[in-house]
Amino acid sequence: MVPFLRKVAIVSAGMTKFGKHDGKSLLDLMSEAALEALSVYDSLDIDMLVGATMAPELYENSVGPINKLAGVLGLEGKTVLRVENTSGSGGAGIFVGYLAVASGYADKVLVVGGEKMTSKSTEENAYIISGLLHDCERSLGVTLPSYAALLANWYFRKYNPPKDSLAHVAIKNHYHGSLNPKAHIQKRITLEEYFQSKIVAEPLRVMDYTPISDGAASVLLMALDEAYSYTDKPVVISAVVGKTDSFVVHERDELDRMNGVALSVEKALSQAGLRREDIDLIELHDMATILEIVELENMGFFKRGEGWRGAMEKITWLDGELPVNTSGGLKSKGHPIGATGVAQAYEVFLQMRREAGERQAKKNVSRALSMSMGGFGQNAYTIIYEAGW
Amino acid sequence: MVRVQVCRRCGRINLPFKYRCKCGSREFDYIEMNIEGTLVATTKIFITPKGYPSPLLVGLVDAGNLKLLVRLEEEAPVGNVIEVVQADGGVLVGRPKKLVTDGS
Ligand SMILES: [Zn+2]
């Protein structure tokens, strides 16, 4: 906790089902998630709305999406803005909402993240998402999925983990997702199905990657003192820290070094006054299976070259010592870009309050961490949560 | 040959170019350099963006004081020496030099 800041807590949260929502616009989806968080308290008067979304300009030819959202939510005379950090927009949105409450600017802030992606084809999505890379990378024909493949190629040569270590990340996250009624793909997969899936970029397969999804998520933030008037179980946000890495990936010291991720986790833990051993549960950015492994290493929860042990040795399963992506992660829950970082907070909120239903972590979750990153770790936001009861 | 940017203060080689170096300097020299390095990671992309051939070979080349992501002209194993050249539009292309066998 930074001394001059007020304590901030999540009081309620909302999320649409992730998946293909034909006939629903980004505005519809973000409104649905917003109303779920707001409906807990009738006619609640919020001070501020923060909306996180990456590219409605390209997906829906829509600009000013959060002003539109404020309009349909009847928010007039409020502070309203949009926050964008590509695939980490949600984490950045929570950062802004957190600072607004912590600084005393606002008492009640609603943060909503969302993306409407499935109205475009896979090819069009690849084109839109490749727009977040530097031109020198994009002109080669490289996409984010191919960076993950390069990293996997490098990781396997350097550390020689078991051949099926990526498959186990996919199997775990699909198992978790199969228990999450809001996940895009609520289906378990087998080792055979994993190895039968098509190669996207060697050595990664379709089953290594997140699907393309529509969806939105929300959290309602309040000053902690006030939060107790609305819930006896507020989830306190102890720190939110954003840190960048080199923008161009080939400038990094080594392919598996994600300095933005490492720094944001390190500083967030130190602001919260916590150690890694204190963290009971993690939601992270598994756009591809290899990223779950490498992020866990860069966060310092596993030694370099050993992150694969998490899924294979059942440490990161929901009944393990350190559950990771109990929501199903991006892999199975889906990744409507702007929604993802906020959906991570939604999952933590449910897990801490033991409201996660069939996918409830076995252990008690009193402190958790989520990491929402843009692109290939170019801009990472880490959030630390603690039970406020 | 590849045109690179060299920072006058810290000597860092930048490609792509920057307006401000990591060290804070804004003064650079621009030179043509022969770049040869080792292929440290590679992938064959089957699902490529619109307008690109499939499969597409790319690799990360480590030239010591500079690392570059390149499009590979032909398949080469990790460890192979790669010469980097600049094609039309500045696209970096990697030409595998004498082929060495993987792991030798
Ligand atoms: Zn410099």
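For segment A:298-342 and segment A:126-194, what is the separation of their C-alpha centers, rounded to whole Å?
Taking the Cα centre of each part, segment A:298-342 and segment A:126-194 sit 12 Å apart.
Along the three principal axes, how long is segment B:35-98 when you take its alpha carbons, biggest first, rounded to the nearest angstrom?
33, 25, 19
What number, in percent, do you get for the relative contact order of chain A if the mean sequence gap of Cα pairs under 8 Å and at least 6 apart is divided by its residue count?
Relative contact order here is 27 percent.
Per residue of segment A:361-369, what does 6.51 cos²θ - 1.76 cosθ + 1.60 with θ = phi - 60° give for ³J(HN,Hα)? Whole Hz please, x for Gly and Pro, Karplus curve as stated.
Whole-Hz 3J(HN,Hα) from phi for segment A:361-369: 4, 5, 6, 6, 9, 10, 9, 9, 9.
Against the longest alpha carbon principal axis of chain A, how many degrees, from 0 to 90 and to the nearest 10, is the axis of helix A:340-352 turned?
80 degrees
Quick check: the distance between the Cα centres of segment A:40-109 and segment A:357-389, to the nearest angstrom?
Centre-to-centre distance over Cα atoms comes out at 21 Å.
Could you grab the relative contact order for chain B? Cα pairs under 8 Å, six or more apart, rounded to a whole percent.
22 percent
Kindly put A:Ile129, A:Ile293, A:Ile315, B:Ile13 in sequence by how many other C-beta atoms sit within 10 Å of each C-beta, fewest to most.
A:Ile315, B:Ile13, A:Ile129, A:Ile293
Angle, helix A:259-272 long axis vs. longest principal axis of chain A, Cα atoms, 0 to 90°, nearest 10?
40 degrees
Given the options B:Glu83, B:Glu75, B:Glu27, state which has the largest fluctuation in a GNM of chain B using a 10 Å cut-off (strictly under) for Cα springs.
Result for chain B, Cα springs under 10 Å: B:Glu27 fluctuates most.
Holding the Cα-Cα limit at 23 Å, pick out from B:Lys44/B:Lys98; A:Lys333/B:Lys44; A:Lys243/B:Lys44 the pairs that are longer than that.
A:Lys333/B:Lys44; A:Lys243/B:Lys44
Straight-line reach from A:Lys303: which lysines have a Cα under 17 Å away, not including same-chain ones fewer than 8 places off?
A:Lys158, A:Lys314
So, by mean Cβ neighbours within 10 angstrom, what's the order for A:88-95, A:7-14, B:5-12 with the highest one leading?
A:88-95, A:7-14, B:5-12
Over 38 Å apart: what share of the alpha carbon pairs of the protein assembly as shown falls there, rounded to a whole percent?
Of the Cα pairs, 25 percent sit more than 38 Å apart.
With angles folded into 0 to 90 degrees, how steeply does helix A:289-298 sit against the dominant principal axis of chain A? Use alpha carbons for both and round to 10.
Tilt relative to chain A: about 70 degrees.
Hey, what does the equivalent ellipsoid look like for segment A:71-139, semi-axes from the Cα gyration tensor as sqrt of 5 times each eigenvalue, largest first, whole Å?
Semi-axes (√(5λ), whole Å): 31, 16, 9.
Once you order the gyration tensor axes a ≥ b ≥ c over the Cα atoms, which shape class does segment A:143-189 get: rounded for a/c under 1.5, otherwise prolate or oblate by comparing a/b with b/c? All intermediate terms of the calculation are to be shown ahead of the outcome.
Details: a/c = 4.52, a/b = 1.87, b/c = 2.42.
It comes out oblate by the Cα gyration axes.
If you take the square roots of the eigenvalues of the alpha-carbon gyration tensor of segment A:84-191 and sort them as a ≥ b ≥ c, do you get rounded (a/c under 1.5), prolate (a/b over b/c) or oblate?
prolate
Computed from the coordinates by the stated procedures, all read-outs in this text should not be read as laboratory data. Keep in mind that this is a model prediction, so the values were computed, not measured. Note: ideal-geometry Cβ built from the backbone for every residue, glycine included; neighbour counts use all protein chains shown.
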